1. Against the condition among the β-branched types (Val, Ile, Thr) and under 20 Å from ARG17 (Cα atoms), how does ILE94 come out, does it pass?
2. In the stretch 52-66, what residues are in a loop (DSSP other than H, G, I, E, B) and under 14 Å from VAL102 (Cα atoms)?
3. Would you mention how many residues in the stretch 24-61 are closer than 15 Å to VAL77 by Cα and touching a residue at least 60 places away in the same chain (Cβ under 8 Å)?
4. List every residue pair whose Cβ atoms sit under 7 Å apart, with the two residues 6 or more apart in sequence or on different chains, where the first one lies in the stretch 64-76 and is closer than 18 Å to ASN31 by Cβ and more than 8 Å from the ligand (Cβ to nearest atom) and the second, anywhere, is among the small types (Gly, Ala, Ser) and not in a loop (DSSP other than H, G, I, E, B).
5. Between a residue in the stretch 78-105 that is loosely packed, with under 14 Cβ neighbours inside 10 Å and any residue that is assigned to a strand (DSSP E or B) and not β-branched (Val, Ile, Thr), which pairs come within a Cβ distance under 6 Å, given they are 6 or more apart or on different chains?
6. Filter the stretch 34-51 for residues that are more than 15 Å from PRO99 (Cβ to Cβ) and touching a Leu at 6+ places or on another chain (Cβ under 9 Å); which is surrounded by the most Cβ atoms within 10 Å (Cβ to Cβ)?
7. Scan the stretch 3-12 and tell me whether some residue there is within 11 Å of the ligand (Cβ to nearest atom) and either surrounded by 15 or more Cβ atoms within 10 Å (Cβ to Cβ) or modelled with pLDDT under 95 (or both).
8. Does any residue of the stretch 80-103 turn out to be under 19 Å from ASN47 (Cβ atoms), of a type in the set (Phe, Trp, Tyr) and more than 18 Å from the chain's Cα centre (by Cα)?
Amino acid sequence: MSWTKVIATDELPTGERKVVKIGDRNILLLNHEGEVYAVAHRCPHMNIKMIKGKITEDGAIVCPIHRSAFDLKTGSVKEWTPFPPVVGKMMGMISQEKPLPVFPVRVEDNSIWIDVNS
Ligand code: FES
């Protein structure tokens, strides 16, 4: 484990998002309903930025382009390239499903910490 202090907790109130860089990784921090998550900032399908991804009621982040959905806690694929209709499904068949990398988060001493090496 290698924890890195990234920002103060008051820089990420509920509903906020922020991209931080640790080494060569860009990580998207989200405060969703009071819980902080850290996920890769790029979609594993075609490397698109996830910062504008919608959050679903069941706790997934949805890529803004082909709408793949990834569980915020585990990064597992809930849906793979469903958009646009028909074309998205065809694209999904020729590209292997890949999870969205997620990183452990710790909130301590009024700061948010991420472990990018676990
Ligand atoms: S770029 Fe994210 S699903 Fe295609």
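The values are calculated or read from the model by the stated rules, or taken from the named source; none is laboratory data. Remember, predicted model here, so these are calculated numbers, not experimental data. All Cβ positions, glycine included, derive from the backbone under ideal geometry; neighbour counts span all protein chains shown.
1. Judged against the criteria, ILE94 is not a match.
2. Within the stretch 52-66, the subset in a loop (DSSP other than H, G, I, E, B) is 52-53, 56-59, 63-66.
Across the stretch 52-66, the qualifying residue is only GLY59.
3. 2
4. PHE70/ALA60; ASP71/ALA60; LEU72/ALA60
5. From the stretch 78-105, the pairs are PRO104/ASP115.
6. The qualifying residue surrounded by the most Cβ atoms within 10 Å (Cβ to Cβ) is VAL36.
7. No: the stretch 3-12 contains no residue that is within 11 Å of the ligand (Cβ to nearest atom) and either surrounded by 15 or more Cβ atoms within 10 Å (Cβ to Cβ) or modelled with pLDDT under 95 (or both).
8. Here is the first cut: in the stretch 80-103, the residues under 19 Å from ASN47 (Cβ atoms) are 80-84, 87-88, 91-92, 94-103.
Restricting the remaining residues to those that are of a type in the set (Phe, Trp, Tyr) gives 80, 83, 103.
Going one step further and asking which of them are more than 18 Å from the chain's Cα centre (by Cα), we end up with 83.
For the stretch 80-103, residues under 19 Å from ASN47 (Cβ atoms), of a type in the set (Phe, Trp, Tyr) and more than 18 Å from the chain's Cα centre (by Cα): present.
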